[in-house]
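The values are calculated or read from the model by the stated rules, or taken from the named source; none is laboratory data. Note that the structure is predicted; figures quoted are calculated from it, not measured. Please note: Cβ atoms are built from the backbone with ideal geometry, for glycine as well, and neighbour counts cover all protein chains shown. Ligands, DNA and RNA are stripped out before the accessible areas are found, and what is left, the full protein with its side chains, is counted by its heavy atoms. Shrake-Rupley method; radii C 1.70, N 1.55, O 1.52, S 1.80 Å.
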Amino acid sequence: MEKKIVDGVSLALSQPISNEIKWVGQPEAMARLQACWLIINSQDVPLCPRLLGKPGVGKTTLAMAAAQKIKKPLYVYQCTMDTRPEDLLITPVLGEGGKIQYHASPVVSAMIQGGVCILDEGNRMSEKSWASLAPLLDHRRYIESIIAGIKVEAHPEFRCCVTMNDDASTYELPDYIMSRIQPMIEIDFPPREEELKILKYNIPFAEEELLRYTVDFLQKSHQLGLHCSTRDGIHILRYSLKRLAHNPEISPKDVWQESVYNVLGFKPEEIEKMAQKNKKANSEKKLSDLSEFFFDPELFLQGESPYFSDSPPENYEDYEEDDEEDDSI
Ligand SMILES: Nc1ncnc2c1ncn2[C@@H]1O[C@H](COP(=O)(O)OP(=O)(O)OP(=O)(O)O)[C@@H](O)[C@H]1O
Ligand SMILES: [Mg+2]
């Protein structure tokens with residue numbers, strides 16, 4: 001384990017990730033991310049963008065491939081609901097002879113080594129943990145570890161980005177954090193030709209027939225707003241190929257249909273029905289979110305609901321005028 005002395009404290013560093021990863025298609029997404037990391041003037045600082053998109057659309061892949069393109073060591077921090085500030089920064093560990101050793105997280109290791117850190121699934125992490133990164137994510141570019149009692153300055157080559165799902169946010173991040181993880185780079189499902197290339201890149205040994213079934217199915221799901229992801233497509237293909245290798249007597253089409261069912265839980269011919277169901281569930285959720293907004297039980301109990309306010313609304317006069325008009329009718 002590599003060690004570095006920072007502010008007189010010895011830190012054991014995390015290992016960078018060495019996966020070979022390629023980003024296929026959507027070159028604008030790659031260009032946007034790389035532009036954020038450029039430094040164009042001696043007074044300039046890099047940006048820490050957030051990559052936003054549906055699960056399985058390729059956010060983590062894009063960030064990893066971008067780090068590889070600029071030939072920097074890559075560190076990924078998997079954010080979770082349980083992440084504590086010390087997990088993100090420096091953790092004390094009991095070492096040989098009962099001595100405390102300090103372990104630098106992937107974030108701090110990237111800061112020290114001048115690497116790229118991906119904060120993966122950033123909106124699963126609480127505000128408390130995000131707060132410890134606030135000075136790192138603006139022009140100050142440092143963190144303070146209370147546990148190790150040190151301040152760590154980021155290497156000038158340090159780069160960072162955050163990935164976030166736009167539908168599964170466990171935490172609504174406060175504005176002061178959101179304003180530090182800018183700009184937003186949205187990643188959408190790729191068009192047919194690109195999605196086919198992605199499938200071929202990830203499973204180069206897949207047969208054309210299965211590839212065609214899969215990409216047509218994925219494209220249809222994107223059009224219907226069902227959002228089966230490229231990752232789902234990769235799983236469908238991979239499972240089909242394994243089933244065929246194991247049972248060569250079954251027809252590829254039957255195997256593929258079974259595979260869709262086993263990966264997604266519905267048959268390919270049910271795709272329209274599933275899309276309808278999904279749409280209905282989404283609109284019901286929106287309605288229930290809206291009613292929660294208007295009838296917040298906490299506010300209701302405290303007598304602070306706008307419907308129970310003693311004081312007139314700010315635009316009270318408008319209401320009065322409206323009332324008068326109503327009376328005159
Ligand atoms: N443009 C692409 N080039 C290469 N592979 C891709 C591309 N898009 C998606 N993939 C593949 O699709 C799979 C899912 O991608 P990835 O894990 O990056 O998605 P994600 O958006 O980060 O998903 P999640 O929100 O669930 O973390 C991976 O196996 C990845 O290799
Ligand atoms: Mg991801």
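Going through Thr80, Thr60 one at a time, which residue ends up being within 13 Å of ligand 1 (Cβ to nearest atom), within 19 Å of Ser132 (Cβ to Cβ) and not in a strand (DSSP E or B)?
Thr80
Restricting to the stretch 114-156, give me the number of residues that are of a type outside the set (Asp, Glu) and in a strand (DSSP E or B).
Number satisfying all stated conditions: 10.
When you go through Pro27, Pro49 one by one, which is the residue that is within 28 Å of Pro191 (Cα to Cα), at pLDDT 95 or above, surrounded by fewer than 19 Cβ atoms within 10 Å (Cβ to Cβ) and under 27 Å from the mean Cα position of the chain (by Cα)?
Checking each option against the conditions leaves just Pro27.
Would you check if Leu62 is open to solvent by less than 10 Å² (accessible area, probe 1.4 Å), under 18 Å from Met178 (Cα atoms), modelled with pLDDT of 95 or more and not assigned by TED's automatic domain parsing to the domain that holds Gln219? Please lay out each step first, then the result.
Values: open to solvent by less than 10 Å² (accessible area, probe 1.4 Å): yes; under 18 Å from Met178 (Cα atoms): no; modelled with pLDDT of 95 or more: yes; not assigned by TED's automatic domain parsing to the domain that holds Gln219: yes.
When the stated conditions are applied, Leu62 does not pass them.
Is it fair to say Pro92 is open to solvent by 30 Å² or more (accessible area, probe 1.4 Å), more than 14 Å from ligand 2 (Cβ to nearest atom) and touching a strand residue (DSSP E or B) at 6+ places or on another chain (Cβ under 8 Å)?
It is true that Pro92 is open to solvent by 30 Å² or more (accessible area, probe 1.4 Å), more than 14 Å from ligand 2 (Cβ to nearest atom) and touching a strand residue (DSSP E or B) at 6+ places or on another chain (Cβ under 8 Å).
Determine the pairs where a residue that is more than 21 Å from Leu264 (Cα to Cα) and open to solvent by 80 Å² or more (accessible area, probe 1.4 Å), located within the stretch 237-250, has a partner that is of a type in the set (Val, Ile, Thr) and assigned to a loop (DSSP other than H, G, I, E, B) with Cβ atoms under 7 Å apart, the partner being 6 or more residues away or on another chain.
none
When you check Cys228 against the structure, is it under 19 Å from the mean Cα position of the chain (by Cα) and under 30 Å from Ile100 (Cα atoms), yes or no? Please lay out each step first, then the result.
Details: under 19 Å from the mean Cα position of the chain (by Cα): yes; under 30 Å from Ile100 (Cα atoms): no.
So Cys228 does not fit the description; no.
Would you mind stating whether Tyr201 is in contact (Cβ under 8 Å) with a residue 12 or more places away in the chain and touching a helix residue (DSSP H, G or I) at 6+ places or on another chain (Cβ under 8 Å)?
In short, no.
Rundown of residues vs (1) part of a strand (DSSP E or B); (2) within 17 Å of Ala110 (Cα to Cα), yes/no style:
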site	(1), (2)
Ser10	yes, yes
Glu20	no, no
Trp23	no, no
Ala29	no, no
Pro46	no, yes
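Could you list, in sequence order, all residues of the stretch 159-210 that are assigned to a helix (DSSP H, G or I) and surrounded by 18 or more Cβ atoms within 10 Å (Cβ to Cβ)?
Those that are assigned to a helix (DSSP H, G or I) and surrounded by 18 or more Cβ atoms within 10 Å (Cβ to Cβ): Ile177, Glu195, Leu196, Ile198, Leu199, Leu210.
Tell me, which residue of the stretch 1-20 that is of a type outside the set (Asp, Glu) and in contact with a Leu (Cβ under 9 Å, 6 or more places away or on another chain) is farthest from Gln78 (Cα to Cα)?
Ile5
Quick check: is even one residue across the stretch 219-235 outside the structural domain of Asn165 (by TED's automatic domain parsing), of a type in the set (Lys, Arg) and either open to solvent by less than 50 Å² (accessible area, probe 1.4 Å) or more than 16 Å from ligand 2 (Cβ to nearest atom) (or both)? Spell out the reasoning first.
Of all residues in the stretch 219-235, those outside the structural domain of Asn165 (by TED's automatic domain parsing) come to 219-235.
When the remaining residues are screened for being of a type in the set (Lys, Arg), the result is 220, 231.
Checking the rest, the ones that are also either open to solvent by less than 50 Å² (accessible area, probe 1.4 Å) or more than 16 Å from ligand 2 (Cβ to nearest atom) (or both) come to 220.
Within the stretch 219-235 (the criterion being outside the structural domain of Asn165 (by TED's automatic domain parsing), of a type in the set (Lys, Arg) and either open to solvent by less than 50 Å² (accessible area, probe 1.4 Å) or more than 16 Å from ligand 2 (Cβ to nearest atom) (or both)), the answer is yes, since at least one residue qualifies.
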